Amino acid sequence: MSDTAVLQLDDVVKKFGGLTAVDRVGFSVRRGQIKALIGPNGAGKTTVFNLITGVYNIDAGEIRIAGHVTSGRPSHRIASRGIARTFQHVELFSNMTVLENVMVGAHMAATSGMLASALHLHSMKAQERLLADKAASCLDLVGLDVPYDTDALSLAFGQQRLLEVARALAADPILVLLDEPAAGLSSAESAQLAELVQRIRDLEVTVLIVDHDMDLVMRISDEVVVLDHGVKIAEGTPKEIQANSEVIAAYLGEEI
């Protein structure tokens with residue numbers, strides 16, 4: 001694992017009216033790392049994801065991706081730095097097939113211009129074939145074995161989760177943000193997800209994950225950051241987090 005920071009947050013603040021949702025939060029995610037962001041509901045985890053990806057603007061502090069300041073930049077500019085994400089509530093394109101949904105992610109790395117696309121030039125057609133092949137390989141990677149022309153919304157919930165991960169990977173990210181990917185999954189599906197996240201890391205894609213499945217988090221994470229009411233209360237290895245009395249009181253409970 002490299003010491004190079006793919007993601008760095010320094011004293012990041014986000015307020016909504018009189019509520020401070022994120023209060024001077026700082027942490028880094030190193031290249032090749034699986035890092036988890038955990039905490040009770042309302043702790044600010046998804047807000048942090050939205051700040052990293054430019055959905056919200058920060059009120060103070062700084063966010064850097066691969067050494068470049070991205071706070072204050074529009075979402076598409078941040079994505080072009082190699083960031084992809086999934087969502088707490090699955091978001092798929094309802095009028096597209098399984099393959100087409102993943103090809104949307106692959107288009108992030110497309111090289112043909114708008115004119116070629118409009119005219120359906122030979123280069124664009126060749127590129128579409130390449131993108132379809134790439135999308136197919138991403139579906140194979142996540143283990144989603146369904147016909148490519150299947151309507152995306154006809155999939156079972158766990159399959160839709162996998163489809164969203166495949167779409168994120170198709171963008172060739174250096175960092176993927178997984179927002180509660182285990183939510184709604186069975187124990188068997190959660191175990192498959194754990195293996196998938198580790199395979200993603202083996203592809204040299206850094207992972208930042210938010211999830212309430214503590215078995216999953218503690219099994220796959222190199223480090224864990226804990227938020228409570230928008231404040232970082234702990235950071236360390238899974239073993240250190242499980243032994244932290246403040247974390248136990250705030251979130252994990254006696255069963256951990």
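Considering 213, 228, 202, which residue is acidic (Asp, Glu), modelled with pLDDT under 95 and within 14 Å of residue 33 (Cα to Cα)?
Checking each option against the conditions leaves just 202.
Which of the residues that make up segment 24-46 are in contact (Cβ under 8 Å) with a residue 60 or more places away in the chain and either closer than 19 Å to residue 72 by Cβ or of a type in the set (Gly, Ala, Ser) (or both)?
24, 25, 26, 32, 36, 39, 42, 43, 44, listed by residue number.
For segment 54-70, how many residues are surrounded by 19 or more Cβ atoms within 10 Å (Cβ to Cβ), touching a residue at least 24 places away in the same chain (Cβ under 8 Å) and under 24 Å from residue 105 (Cβ atoms)?
Residues flagged as surrounded by 19 or more Cβ atoms within 10 Å (Cβ to Cβ), touching a residue at least 24 places away in the same chain (Cβ under 8 Å) and under 24 Å from residue 105 (Cβ atoms) within segment 54-70 amount to 3.
List every residue pair whose Cβ atoms lie under 6 Å apart, where the two residues are 6 or more positions apart in sequence or sit on different chains, the first residue falls within segment 205-233 and is part of a helix (DSSP H, G or I), and the second residue, located anywhere, is of a type in the set (D, E, K, R).
What qualifies is 217/211.
With 162, 155 as the choices, which residue is more than 27 Å from residue 81 (Cα to Cα), surrounded by 15 or more Cβ atoms within 10 Å (Cβ to Cβ) and free of Cβ contacts under 8 Å to residues at least 60 places away in the same chain?
155
Can you name the condition, by its number, that residue 134 falls short on among (1) outside any helix (DSSP H, G or I); (2) buried (at least 17 other Cβ atoms within 10 Å of the Cβ); (3) at pLDDT 90 or above?
Failing condition for residue 134: (1).
Of everything in segment 94-115, what is within 17 Å of residue 132 (Cα to Cα), modelled with pLDDT under 85 and outside any helix (DSSP H, G or I)? Give them in sequence order.
Residues satisfying the conditions are 110, 111, 112.
Return the residues of segment 160-188 that are on the phi > 0 side of the Ramachandran plot and either in a helix (DSSP H, G or I) or touching a Phe, Trp or Tyr at 6+ places or on another chain (Cβ under 9 Å) (or both); say none if nothing qualifies.
Correct list: 180, 184.
May I ask you to list the residues in segment 4-22 that are outside any strand (DSSP E or B) and under 29 Å from residue 32 (Cβ atoms)?
Within segment 4-22, just 4 meets the criteria.
Looking for something part of a loop (DSSP other than H, G, I, E, B), in the same structural domain as residue 29 (by TED's automatic domain parsing) and not small (Gly, Ala, Ser) - is there at least one such residue anywhere in segment 190-199?
no
Mind listing whichever residues of segment 185-228 are surrounded by fewer than 16 Cβ atoms within 10 Å (Cβ to Cβ) and within 16 Å of residue 46 (Cβ to Cβ)?
212, the sole residue that qualifies.
Among the residues of segment 4-37, which ones are in contact with a helix residue (DSSP H, G or I) (Cβ under 6 Å, 6 or more places away or on another chain) and either within 17 Å of residue 241 (Cα to Cα) or modelled with pLDDT under 95 (or both)?
Correct list: 34, 36, 37.
The values are calculated or read from the model by the stated rules, or taken from the named source; none is laboratory data. Keep in mind that what you see is a predicted model, and the values were worked out from it rather than measured. All Cβ positions, glycine included, derive from the backbone under ideal geometry; neighbour counts span all protein chains shown.
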